[in-house]
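Comments concern the structure below.
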Amino acid sequence: MTEAPKTEYDPRPVGVFDSGFGGVSFLRNALVELPSERFIYYGDNKNAPYGSRSEEEILLLAENAAESLVDRGVKALVVACNTATSAAINVLRERLSVPVVSVEPAIKPACAMPGDGKVLMLATLATTKLSRYRALQSRMPDPARIINVGCPGIVERVEMGEIGETAFDDILSERLSFIEGAKIDGIVLGCTHFPFIAPAISRYASMHFTGECRLFDGNAGTARQLKRVLNANGISADPELAPDPQVLFLTSGDKDALEPIFEMLLKVPIGY
Ligand code: DGL
């Protein structure tokens, strides 16, 4: 009788990083998609927001964050920050010794929506300006359907744990009043901090736009991509194991002050 081939599993953790807490919205999807994996989450909270910084600064910060996770022995890295992806993904892929997966604004599924309305892409100022995102937009069937809006100020509030439904009306109205009454088919949450304020964005959209205003983010797709990459590299965790604890939180900021906000964001309902 021939013995069944022995399958090797890799118990090392996956590293996830963001400028701060935004990547927690990705982590939530990853925990559902990959319940046997361990994760180390690194929030560069001390240096958030990245979105108002120059490309060079973002690249440097992203490299530092990524290297600190690789030094901890992660087997793969997720750039759970659209801004860092736009500024640094090519360099990170070139320099790091582990597979790198990244989030990107989900304009593709949003642009696949039928209809003659616009697609509104909300992100950081940096993402909307950087050439990587602009190139992604130019590959859409009708790039002019997309309205890009950089929304400074939102990340700072989410970083403090502020995610209330009415807490963003001032910023949203300042950034979006120029398209008052527009027909919007889809709204892309092109910053990983924004799924946490989906109720605030939906509320604003229902009062100021027409159209379906369906929300999109890239987190679920990125979690599926991570699963494929782990499998393809033969570095998945043993599916029989449920690691405990599953997530280790690291930050460049004050860990004692920030961990309760991390825990809250990991559990708060996000429904759309
Ligand atoms: N969460 C980030 C993103 O997805 C960056 C936010 C920031 O630091 O400005 O773009």
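The values are calculated or read from the model by the stated rules, or taken from the named source; none is laboratory data. Keep in mind it's a predicted model, so treat the numbers as computed, not measured. Using ideal geometry, Cβ is built from the backbone for each residue, glycine included, and neighbour counts are taken over all protein chains shown. Accessible surface is based on the protein model in full, side chains and every heavy atom, while ligands, DNA and RNA are left aside. Shrake-Rupley method; radii C 1.70, N 1.55, O 1.52, S 1.80 Å.
Worth pointing out:
- Qualifying residues in segment 223-272 (those that are of a type in the set (V, I, T) and touching a helix residue (DSSP H, G or I) at 6+ places or on another chain (Cβ under 6 Å)) - the one farthest from V79 (Cα to Cα): I270
- Any hit, segment 201-208, residues being open to solvent by 60 Å² or more (accessible area, probe 1.4 Å) and at pLDDT below 95: no
- Residue match in segment 16-39 (condition: closer than 25 Å to V229 by Cα, at pLDDT 95 or above, of a type in the set (F, W, Y) and away from the ligand (no atom under 14 Å from the Cβ)): yes
- The C-beta contact set for segment 53-64 (first residue modelled with pLDDT of 95 or more, second residue of a type outside the set (A, V, I, L, M), distance under 7 angstrom, 6+ apart or interchain) comprises I58/Y50; I58/T83; L61/D44; L61/N47; L61/Y50.
- Annotation: D44 fulfils all but one of (1) free of Cβ contacts under 8 Å to residues at least 12 places away in the same chain; (2) within 16 Å of the ligand (Cβ to nearest atom); the unmet one is (1).
- Test: residue in segment 210-225 that is open to solvent by 20 Å² or more (accessible area, probe 1.4 Å), within 16 Å of the ligand (Cβ to nearest atom), acidic (D, E) and in contact with a His (Cβ under 9 Å, 6 or more places away or on another chain): no
- Answer residue from segment 64-91, given it is under 19 Å from S131 (Cα atoms) and more than 15 Å from the ligand (Cβ to nearest atom) and is least open to solvent (accessible area, probe 1.4 Å) among those: V91
- Here segment 47-63 is the region considered, the condition is being open to solvent by less than 40 Å² (accessible area, probe 1.4 Å) and more than 10 Å from the ligand (Cβ to nearest atom), and the residue that is farthest from I197 (Cα to Cα) is E63.
- Residue in segment 140-153 that is surrounded by the most Cβ atoms within 10 Å (Cβ to Cβ), counting only those that are within 16 Å of the ligand (Cβ to nearest atom) and under 17 Å from L215 (Cα atoms): C151
- Among the candidates R95, R175, the residue that is closer than 21 Å to F216 by Cβ and out of contact with any Asp or Glu (no Cβ under 6 Å at 6 or more places or on another chain) is uniquely R175.
- Taken together, G181, G161 contain a single residue that is within 16 Å of the ligand (Cβ to nearest atom), on the phi > 0 side of the Ramachandran plot, in contact (Cβ under 8 Å) with a residue 24 or more places away in the chain and open to solvent by 10 Å² or more (accessible area, probe 1.4 Å), which is G161.
- Output for segment 189-209, where each listed residue is in contact with a strand residue (DSSP E or B) (Cβ under 9 Å, 6 or more places away or on another chain) and more than 16 Å from the ligand (Cβ to nearest atom): S202, A205, F209
- Residue within segment 99-107 that is out of contact with any Gly (no Cβ under 6 Å at 6 or more places or on another chain), open to solvent by 40 Å² or more (accessible area, probe 1.4 Å) and either touching a residue at least 24 places away in the same chain (Cβ under 8 Å) or within 16 Å of the ligand (Cβ to nearest atom) (or both) present: no
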